[in-house]
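What follows is a short report on a single structure.
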Amino acid sequence: MKVLIIGIDSFTGKYLQEIFTQNQHQVFGTTAFANKINSQNQNQNQSQNILFADLHNIQTLIAAVNFANPDVVINLAAQSFVAADNIGEFYQTNVVAVANLAKVLSDFNKNNHKNILFIQPSSANIYGNASGKINEQTPPNPLNHYATSKFAMEMMLKQWQNEINICVVRPFNYTGVGQNISFVIAKLVHNFQHKNAVIELGNLDVARDFTDVRDVARAYLALAESKNKISGEVFNISSGKSISLQSIINSLMQKTNFEPKIVVNPLFVRKNEIKDLYGNSAKLNEFIGENWRQITNFDETLTWMLNAK
């Protein structure tokens with residue numbers, strides 16, 4: 001297949017690029033940073049397969065889609081940092097920009113008699129403080145602007161469901177080597193790697209469903225390759241269990257034989273914090289099997305991240 005990854009220079013993008021390439025698919029990608037194009041093409045030994053595209057600029061999107069002529073499009077461009085200050089950016093990037101992309105893909109399908117599969121990530125945050133093991137039928141209850149923008153995006157995409165094959169995924173938390181240290185696991189690992197005496201965090205009494213980014217990439221691959229009809233479907237991507245932040249801190253202490261002082265910084269404490277969030281991936285497993293999840297012990301992910309240069 002020809003696969004176009006929007007935001008290929010993102011944390012998740014490099015893992016998708018690697019796994020799709022390993023499985024003999026032709027990968028194209030976009031970046032919104034023009035200065036990255038030449039270096040990325042050279043580093044990946046690509047022949048102009050990394051393209052400039054800004055989701056707020058329709059013409060650049062049209063050019064990228066026309067060049068790639070894709071069978072599958074995966075959009076990773078998003079404002080995903082829940083605590084970001086610029087509220088408008090959540091809606092501009094997570095709703096308006098996705099609408100721009102949907103319009104371009106719809107027009108491309110009509111003009112070229114194509115039937116592109118469009119895989120669009122949403123977020124498990126749309127479920128809010130739902131209790132128990134959350135499945136796709138759990139009523140949305142977004143509690144912050146990030147989650148609200150993702151739910152609005154899902155509703156917006158329904159306007160295109162008769163024109164594009166759209167599959168929405170709702171990943172729960174995932175992490176791995178290369179994640180920005182504004183995200184809590186990457187931040188913790190960074191501080192333990194550097195033996196920082198004090199680590200400032202927000203809410204400590206929280207638990208999350210964590211998956212390894214390499215497994216998440218396998219899930220995207222399996223969805224793109226699936227012989228089952230996934231258009232119009234919504235899938236959770238989750239491990240099925242929650243891990244407390246305190247237990248992760250304890251594990252890092254044990255692995256590094258280092259015990260920093262953990263300080264709760266009120267500036268990092270989120271309002272409407274979701275206390276415990278974990279999902280049910282039974283529907284995903286039904287459609288693509290269970291082989292996508294190969295790293296079942298989160299300690300393995302932590303060790304991988306700690307040992308990374």
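The values are calculated or read from the model by the stated rules, or taken from the named source; none is laboratory data. A quick note: this is a predicted structure, and the numbers were derived from the prediction, not measured. Don't worry about glycine lacking a Cβ; one is built from the backbone with ideal geometry, like all the others, and counts go over all protein chains shown. Areas reflect the complete protein model, heavy atoms only, side chains present, ligands, DNA and RNA absent. Shrake-Rupley method; radii C 1.70, N 1.55, O 1.52, S 1.80 Å.
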Exercise for the section: Look through K158, K110, K103 and report the one residue that is of a type in the set (K, R) and in contact with a helix residue (DSSP H, G or I) (Cβ under 9 Å, 6 or more places away or on another chain). Expected result: K103
Practice task
Scan region 198-223 for residues that are over 18 Å from F268 (Cβ atoms) and either open to solvent by 10 Å² or more (accessible area, probe 1.4 Å) or among the acidic types (D, E) (or both) and report the count.
Solution key: 8
Exercise for the section: Could you tell me whether any residue of region 55-65 is open to solvent by 40 Å² or more (accessible area, probe 1.4 Å) and at pLDDT below 85? Expected result: no
Problem - Near pairs, Cβ below 8 angstrom, 6+ apart or cross-chain, from region 66-78 (farther than 13 Å from S122 by Cβ) to any residue that is open to solvent by 30 Å² or more (accessible area, probe 1.4 Å) and of a type in the set (V, I, T) - result: none
Exercise for the section: Return yes or no: is I74 surrounded by 15 or more Cβ atoms within 10 Å (Cβ to Cβ), at pLDDT 95 or above and over 23 Å from the mean Cα position of the chain (by Cα)? Expected result: no
Handout entry: Qualifying residue in region 174-193 (condition: free of Cβ contacts under 8 Å to residues at least 24 places away in the same chain, out of contact with any helix residue (DSSP H, G or I) (no Cβ under 7 Å at 6 or more places or on another chain), under 24 Å from N297 (Cβ atoms) and open to solvent by 10 Å² or more (accessible area, probe 1.4 Å))
Key = yes
Handout entry: Candidates N236, N285, filtered to the one that is more than 18 Å from Q179 (Cβ to Cβ), open to solvent by less than 30 Å² (accessible area, probe 1.4 Å) and either among the acidic types (D, E) or in contact with a Lys or Arg (Cβ under 9 Å, 6 or more places away or on another chain) (or both)
Key = N236
Exercise for the section: Scan region 108-131 and report the pairs whose first residue is open to solvent by 10 Å² or more (accessible area, probe 1.4 Å) and whose second residue is assigned to a helix (DSSP H, G or I) and not aliphatic (A, V, I, L, M), with Cβ atoms within less than 7 Å and a gap of 6+ or a chain change. Expected result: K114/F108; N115/N109; N125/Y146; N125/K150
Practice task
Could you check, for region 252-273, whether at least one of its residues is in contact with a Ser or Thr (Cβ under 7 Å, 6 or more places away or on another chain) and in a helix (DSSP H, G or I)?
Solution key: yes
Practice task
Test I249 against the criterion of being at negative phi, surrounded by 15 or more Cβ atoms within 10 Å (Cβ to Cβ) and touching a Pro at 6+ places or on another chain (Cβ under 7 Å), and give yes or no.
Solution key: no
